[in-house]
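Here is the structure we will look at.
The values are calculated or read from the model by the stated rules, or taken from the named source; none is laboratory data. Computed from a predicted model, the values in this text were never measured in an experiment. Note that we place each Cβ from the backbone using ideal geometry, even for glycine, and neighbour counts take in every protein chain shown. Heads up: the accessible areas ignore ligands, DNA and RNA and are worked out on the full protein's heavy atoms, side chains in. Shrake-Rupley method; radii C 1.70, N 1.55, O 1.52, S 1.80 Å.
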Amino acid sequence: MANKKTMMHALPVEAYTSQEWFDLEMKHVFSKTWQFAGLVEDVANPGDYISVQAGLNNIFIIKGRDNRLRAFHNMCRHRGTQLLRAVGKAKKAITCPYHDWTYDLEGKLVSIPKKEEEFPDLCNKELHDCGLNLHEASVDIFKGMLFVHPEKNAPSLMEYFKGVEPHLGPHIPEELVEYQEGYYEKEIKANWKIVVENNIDHYHLAHLHEGTLNMYDHDKAQFGWVGPHYWFYEPLVEDYRKDLKNASLTPVIDHVPEDKIGAYVPWFFPNIGLAESEGTWSTFHVTPLAPDRTLVSFRTKVMNSSEWEFTKQAAKSSMSKIWTKYGAKGKYEGDPNTDPMASGDFMEEDVYACEQQQKSLQSPMFSIGAQAQRGEYAMEKFQSVVKEWIEKYKD
Amino acid sequence: MVAEAKIPMMHNLPVSAYTSQKWFDLEQKHIFSTTWQFLGFIEEFKKPGNYMCLDIGYNSFLVVMDNNYEVKAFHNYCSTCKTPILKNFGRLGKYIYCPTKNVTYDLEGNSTNANFPSLTIASIGVFKGMYFIHPNPNEDINDFFGEVLPYLGPHKVEKLVEYSKPEEIYVKEVNCNWKIIVENYIDQYHLAHLHSGTLNMYQHDKAEFGWVGPHYWFYEPLEEEYHEKLDSVSEYPLIDSVPKEAIGGYVPWLFPNIGLSEEENSWTAFHVTPISPSKTLVTLRSKLMNLPTKEFTKQANKSYAEEEFWNRRIFPKYEAHFEGDPMATADFMEEDVYVCEQQQKSLQSPKFSVGAQAEKGEFAVAKFQQVVKEWIEKQRTLPK
């Protein structure tokens, strides 16, 4: 009788708490989808590489001497040792530290120490024909972002994003530059889906973020789904829009036409979101670490303007009256340095809410009491997408 | 039949033997609860009444030095009430007392009241200056290690001393399965490669090695110039119980979880304790010649003066990639820990496989897996 499964919207609560679900997602969601790996400029020159944990696979992207990008499973074919560390420059060859097996930048095995003596029966062809080249994976670029897929013959990335593309911002990330101080990484004590659901929850914007994101007009938000992806747009509030040239914290992105200015905040299945706004363009990458731990990392790009332009804009912004009315105000009173709800920082507010929700999942009294028809529609939809994706691949 | 149902394998064991809780439990039960396990050096027990409690595999032991200065081992539970008798370590008077049922035992485990049974006895063995413990009574350690003894170094371990204070002993939690560490230890093929800048004092090409029962033995001579100049270049005073013609590196692995590194100037027990399928504790206990400090200073100064000699032999394999990069430390332990952890990471990959095996240099890796497999199978089929 009391055996009824406690539910979130479309998924059982255990999907947010159990190792079993976590393993299932690692296997069927994160190991079978295109995964964000970085920005194109991370591998600018021949020999540059970047590696990423994509579900159960560790994959690296390397730029060849022919300037083409290739992706391989980061694993020596001898005993499986991971070959490359996080990022690096100008590799001439890929050598496993353990026994010095060496591959060229195209993943072909070129040297085995003591081949004749130790592996006489291995294969009497050229080494690169011995079936021991690096396992190939796929790499492709979308909006200046690198994506990898564990299969050599992966489904097309363009096809994957085709439907959602018209709903994204007109930003051209390749023309923007990364703002190094804008890098943000944090381990959140919540399931990755809680973090995603928070990101696509329109209902909370005017409440949790009443003092931090009120320069956007939440009532005029538009959003929806295309395939497994979510898109979202909201305009600036009128006061802010009128004074934008002065009030913007950073130089306004000049290739966004005036009538298109606003915040575009899509979520790409399964774990990468964007925040394309009037002055910045950010990636929001979510990496599940455990059922109740998630790593989030932000990378932010801004206009490729001089430092002087940034200083000038910051000075203008600090004098704008807009900020006396909008943004950077804590929801509750308290010490902004220790209380996330008094910080005036919307990220802190989100992290706080996510962790508080995760805490309640273990309560025997936990249940979803109601669902906002419009503002929380995306959460339920996201859960169904996860569920369907797992079901599709499980067998 | 689904063709993909093939189980991913290491050499002779399935990959799940390195990642699953099920295999970990199986090993705890059938290997670590049924073999001789390292306790410590014989000099650690000094006085009658000294005791320590420890859990190994599924056993809880109580080890006590009795009034005849003999070390005795028991299963750490009262024979009457079945609850643990002692905790941690310390010093007892003449008796072991169980407060639950008011039962008293002497230091030899006999109950002082004839109506109560005595403590359950375990076996203690001494091998190369080390105490080992075995859960069964009346086991003889020589039955297990005796056959490999002729292949070990001639070092008189009892005459050497441990210089590190307890807090200075090398203890490291490594993020990999315990067998990955053992396989790294007994892999001859990697020595010239991973350690191309850290173990050049030995002639890996002249290494000799093999198996006796479940144990692995290994010997390699010193590199010629090092051997020649040994008196001046050695970091520490040479171990005088090793005859000049027998000098070299003796690096055996004693089943299941202790390796030795018996060298020209040091002697080390390399003890491996599994913590979880992907976590292992490594403890190194090193001994040196029993000489006054000034002799060590003198030898160290001589060795430092040979800077040019050492620069040609000890150097980092790679340039530092980031701060604290283990591959740039020129420390062979750091190098080993690094590759062990890198190998463990790949075991979850759906594409993982062992691509090839060096006939000679990796023979021991495959053999060790065979020994683990056979040991578990043997124990599982033993009548209870």
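The requirement of being within 13 Å of chain B (Cβ to nearest Cβ), surrounded by fewer than 23 Cβ atoms within 10 Å (Cβ to Cβ) and without any contact (Cβ under 8 Å) to a residue 24 or more places away in the chain is fulfilled nowhere in region A:26-36; no residue meets it. Picking from residues in region A:312-334 that are part of a loop (DSSP other than H, G, I, E, B) and under 31 Å from the mean Cα position of the chain (by Cα), the one that is surrounded by the fewest Cβ atoms within 10 Å (Cβ to Cβ) is A:332. What do you reckon, is residue A:191 within 23 Å of residue A:294 (Cβ to Cβ), surrounded by 21 or more Cβ atoms within 10 Å (Cβ to Cβ) and among the polar types (S, T, N, Q)? Answer is yes for this residue. Cβ-Cβ contacts under 6 Å between residues 6 or more apart (or on different chains), taken from a first residue in region B:144-155 that is over 15 Å from residue B:248 (Cα atoms) to a second residue that is part of a loop (DSSP other than H, G, I, E, B), are listed as B:144/B:36; B:147/B:213.
Each residue in region B:37-57 was checked for being in contact (Cβ under 8 Å) with a residue 12 or more places away in the chain and either assigned to a strand (DSSP E or B) or touching a Pro at 6+ places or on another chain (Cβ under 9 Å) (or both), and 12 pass.
Applying the criterion of being assigned to a loop (DSSP other than H, G, I, E, B) and open to solvent by less than 50 Å² (accessible area, probe 1.4 Å) to the residues of region B:84-96, the residue that is farthest from residue B:43 (Cα to Cα) is B:85. Which of the residues spanning region B:310-344 are assigned to a loop (DSSP other than H, G, I, E, B) and either at the interface with chain A (Cβ under 7 Å from one of its Cβ atoms) or among the β-branched types (Val, Ile, Thr) (or both)? Within region B:310-344, B:314, B:317, B:321, B:329 meet the criteria.
Residue-wise test of (1) more than 23 Å from residue B:368 (Cα to Cα); (2) in contact with a Gly (Cβ under 8 Å, 6 or more places away or on another chain); (3) open to solvent by 20 Å² or more (accessible area, probe 1.4 Å).
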| site | (1), (2), (3) |
| --- | --- |
| B:236 | yes, no, yes |
| B:252 | no, yes, no |
| B:257 | no, no, no |
| B:279 | no, no, yes |
| B:292 | yes, no, yes |
| B:295 | yes, no, yes |
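Could you list, in sequence order, all residues of region A:66-120 that are crowded, with 20+ Cβ neighbours inside 10 Å, of a type in the set (S, T, N, Q) and either under 16 Å from residue A:148 (Cβ atoms) or more than 32 Å from the chain's Cα centre (by Cα) (or both)? Within region A:66-120, A:74, A:82 meet the criteria. Residue count for region A:335-358, restricted to those that are outside any loop (DSSP other than H, G, I, E, B) and either under 24 Å from the mean Cα position of the chain (by Cα) or small (Gly, Ala, Ser) (or both): 15. Filtering region A:121-152 down to residues that are under 40 Å from the mean Cα position of the chain (by Cα) and free of Cβ contacts under 8 Å to residues at least 12 places away in the same chain, which residue is nearest to residue B:188 (Cα to Cα)? Looking at residues that are under 40 Å from the mean Cα position of the chain (by Cα) and free of Cβ contacts under 8 Å to residues at least 12 places away in the same chain, I get A:131. Could you tell me whether residue B:265 is touching a Lys or Arg at 6+ places or on another chain (Cβ under 9 Å) and under 20 Å from residue B:311 (Cβ atoms)? So residue B:265 does not fit the description; no. Might you check whether a residue that is more than 14 Å from every other protein chain (Cβ to nearest Cβ), without any contact (Cβ under 8 Å) to a residue 60 or more places away in the chain and touching a Phe, Trp or Tyr at 6+ places or on another chain (Cβ under 9 Å) occurs anywhere in region A:6-23? Within region A:6-23, one or more residues are more than 14 Å from every other protein chain (Cβ to nearest Cβ), without any contact (Cβ under 8 Å) to a residue 60 or more places away in the chain and touching a Phe, Trp or Tyr at 6+ places or on another chain (Cβ under 9 Å).
Listed by position, the strands (runs of 3 or more DSSP E) contained in region B:97-182 that have at least 2 residues being under 23 Å from residue B:333 (Cα atoms) are B:170-174. Looking across region B:158-216, the residues that are polar (S, T, N, Q), within 14 Å of another protein chain (Cβ to nearest Cβ) and surrounded by fewer than 20 Cβ atoms within 10 Å (Cβ to Cβ) come down to B:175, B:196.
Selection over region A:226-245 of residues that are free of Cβ contacts under 8 Å to residues at least 24 places away in the same chain and buried (at least 19 other Cβ atoms within 10 Å of the Cβ) gives a count of 0.
Please determine whether any residue of region A:358-373 is open to solvent by 50 Å² or more (accessible area, probe 1.4 Å), more than 21 Å from residue A:207 (Cβ to Cβ) and at pLDDT 95 or above. Within region A:358-373 (the criterion being open to solvent by 50 Å² or more (accessible area, probe 1.4 Å), more than 21 Å from residue A:207 (Cβ to Cβ) and at pLDDT 95 or above), the answer is no, since none of the residues qualifies. Within region A:37-49, the residues that satisfy the criterion of being of a type outside the set (Gly, Ala, Ser) and either within 13 Å of chain B (Cβ to nearest Cβ) or open to solvent by 20 Å² or more (accessible area, probe 1.4 Å) (or both) are A:40, A:41, A:42, A:45, A:46, A:49. Residue check: is residue A:148 of a type in the set (A, V, I, L, M) and out of contact with any His (no Cβ under 7 Å at 6 or more places or on another chain)? Yes.
Table: residues versus (1) more than 10 Å from chain B (Cβ to nearest Cβ); (2) assigned to a strand (DSSP E or B); (3) out of contact with any strand residue (DSSP E or B) (no Cβ under 8 Å at 6 or more places or on another chain); (4) closer than 20 Å to residue A:46 by Cβ.
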| position | (1), (2), (3), (4) |
| --- | --- |
| A:70 | yes, yes, no, yes |
| A:75 | no, no, no, no |
| A:80 | no, no, yes, no |
| A:91 | yes, no, no, yes |
| A:99 | no, no, yes, no |
| A:106 | yes, no, no, yes |
| A:110 | yes, yes, no, yes |
| A:116 | yes, no, yes, no |
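Does residue A:85 satisfy being assigned to a loop (DSSP other than H, G, I, E, B) and facing chain B (nearest Cβ under 8 Å)? Yes. When we screen A:292, A:259 for residues that are in contact with a helix residue (DSSP H, G or I) (Cβ under 8 Å, 6 or more places away or on another chain), among the charged types (D, E, K, R) and more than 19 Å from residue A:142 (Cβ to Cβ), the only hit is A:292.
Identify, please: which residue in region B:345-369 is within 8 Å of another protein chain (Cβ to nearest Cβ) and part of a helix (DSSP H, G or I) and is, among those, least open to solvent (accessible area, probe 1.4 Å)? Across region B:345-369, the extreme among qualifying residues is B:346. One residue stands out in region A:128-142 among those that are open to solvent by 30 Å² or more (accessible area, probe 1.4 Å) and of a type outside the set (Val, Ile, Thr): the one that is farthest from the other protein chains (Cβ to nearest Cβ), namely A:140. Flag set for residue B:243, criterion: under 15 Å from residue B:153 (Cα atoms), away from every other protein chain (no Cβ under 14 Å), surrounded by fewer than 20 Cβ atoms within 10 Å (Cβ to Cβ) and in contact (Cβ under 8 Å) with a residue 24 or more places away in the chain.
Return the residues of region A:246-266 that are open to solvent by 50 Å² or more (accessible area, probe 1.4 Å), part of a loop (DSSP other than H, G, I, E, B) and without any contact (Cβ under 8 Å) to a residue 60 or more places away in the chain; say none if nothing qualifies. Within region A:246-266, A:254 is the sole residue that qualifies.
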